[in-house]
Amino acid sequence: MTFKDENQSPQIKIVVYVKLWWTIEIAAPFSFLLFLAFAFAVATTTTTAELVFDSAGQPVLNGGTYVVAPTTGPIFNAAIIDSSGSTCSLAVIQQDPGFAFVLPVTITALVRPTFVTTSMKLFISFDYIQPNVCTNNSNWVITKSSNDDFEYVMVGDSGNPIGSSFYIRPYGTTENLTYKLVSCEGDICRNIGVHVDSQGFRRLVVTDGEPLVVKFDKYYGKRSFASEISMVV
């Protein structure tokens with residue numbers, strides 16, 4: 001006499017055709033088939049979006065800490081732009097390349113795959129900010145200026161606690177490992193570039209013009225990298 005286990009997963013036969021030379025029959029639990037379907041969906045998704053690589057040719061980690069290093073021009077920094085009474089604004093700028101103190105950024109997606117791809121909505125924040133009177137929030141936030149027509153990349157905003165979203169897109173050849181940051185609304189994406197304001201600051205802005213071309217240097221805990229993002233207040 002035989003007994004059937006009522007909790008046993010149903011078996012489904014799969015016939016796999018390999019170049020029409022022969023067939024392979026597999027009896028597999030239904031849960032395993034679901035896993036195969038999921039794996040195929042993930043593989044299909046990753047083929048439509050490119051991985052982002054750091055300057056050493058390694059995939060950029062979701063939640064990893066990196067130096068956003070411009071390929072030309074001064075290094076990044078952040079500085080107080082406007083200060084009046086108890087309020088002030090902290091902006092992401094490019095500064096004198098002789099400035100040595102540096103700050104990396106953390107690049108994070110709301111979804112949790114291991115590696116960053118070009119299709120992911122990303123949030124960027126300074127890994128550390130010096131104590132200042134403007135903000136304790138280190139997130140990058142795009143803010144429309146009341147003084148001109150530009151949208152500037154600022155640091156921290158109490159009205160936007162998680163920061164603005166960015167995408168990383170390839171720029172140039174794959175071998176160069178160079179990228180640009182873009183800001184997207186719906187299907188319309190605009191570059192993150194540089195604008196020299198009335199005070200002479202080279203500020204990061206949303207633009208239809210040329211992007212700021214960057215590489216991503218993996219950060220290993222030493223704040224003395226000449227090309228790193230830093231903070232001045």
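The numbers here are math on the coordinates, done by the rules we state, and not lab data. Remember, it's a predicted structure, so these values are computed and weren't measured experimentally. Don't worry about glycine lacking a Cβ; one is built from the backbone with ideal geometry, like all the others, and counts go over all protein chains shown.
For the stretch 103-212, dividing the convex hull volume of the Cα atoms by the residue count gives 146 Å³ per residue. Note on Thr173 and Lys218: the extension gain reaches 14.2 nm, defined as 0.36 nm multiplied by sequence separation minus the Cα-Cα distance. In this rough spin-label picture, where each label sits 7 Å from Cα along the Cβ direction, the Ser119-Glu210 distance is 3.2 nm.
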